[in-house]
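*Asks:* The following block contains the structure, expressed as structure tokens.
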Amino acid sequence: MKKRSFSIFSLFVVFFTMLTIQPAMAQENDGPEDFPDDVEDVPAAPINDYILVGVAAAGILGYRFIRKKSITT
């Protein structure tokens, strides 16, 4: 029963994603917007500094979760 409810939930997630992404992709693009020449750009966000840390943390947490689940079953 648990496996069936998981498959129904995953189907729901897939269909919900399909319904929400398609209208966003169908929007028209009129080209780049014209900005006045006196606009100052802000520096880029430092997100690139933390990508490796995030991937490592996700890997460690995923490994611990799978290991804990395999030990209990």
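The numbers here are math on the coordinates, done by the rules we state, and not lab data. Keep in mind it's a predicted model, so treat the numbers as computed, not measured. Virtual Cβ from ideal backbone geometry, glycine too; neighbours counted across all protein chains shown.
*Asks:* Using 0.36 nm per residue of separation minus the Cα-Cα distance, give me the extension gain between N48 and Q22 in nm, one decimal.
*Replies:* Result: 6.5 nm gained on full extension.
*Asks:* For the pair F65 and V13, how long in nm is the line joining their label points, each one 7 Å along Cα→Cβ?
*Replies:* Using points 7 Å along Cα→Cβ, the separation is 0.9 nm.
*Asks:* Output wanted: per-residue J couplings in Hz (rounded whole) for the stretch 54-63, from phi through Karplus 6.51 cos²θ - 1.76 cosθ + 1.60, θ = phi - 60°, x for Gly and Pro.
*Replies:* With coefficients 6.51, -1.76 and 1.60, one gets x, 5, 5, 5, 5, x, 5, 5, x, 4 Hz.
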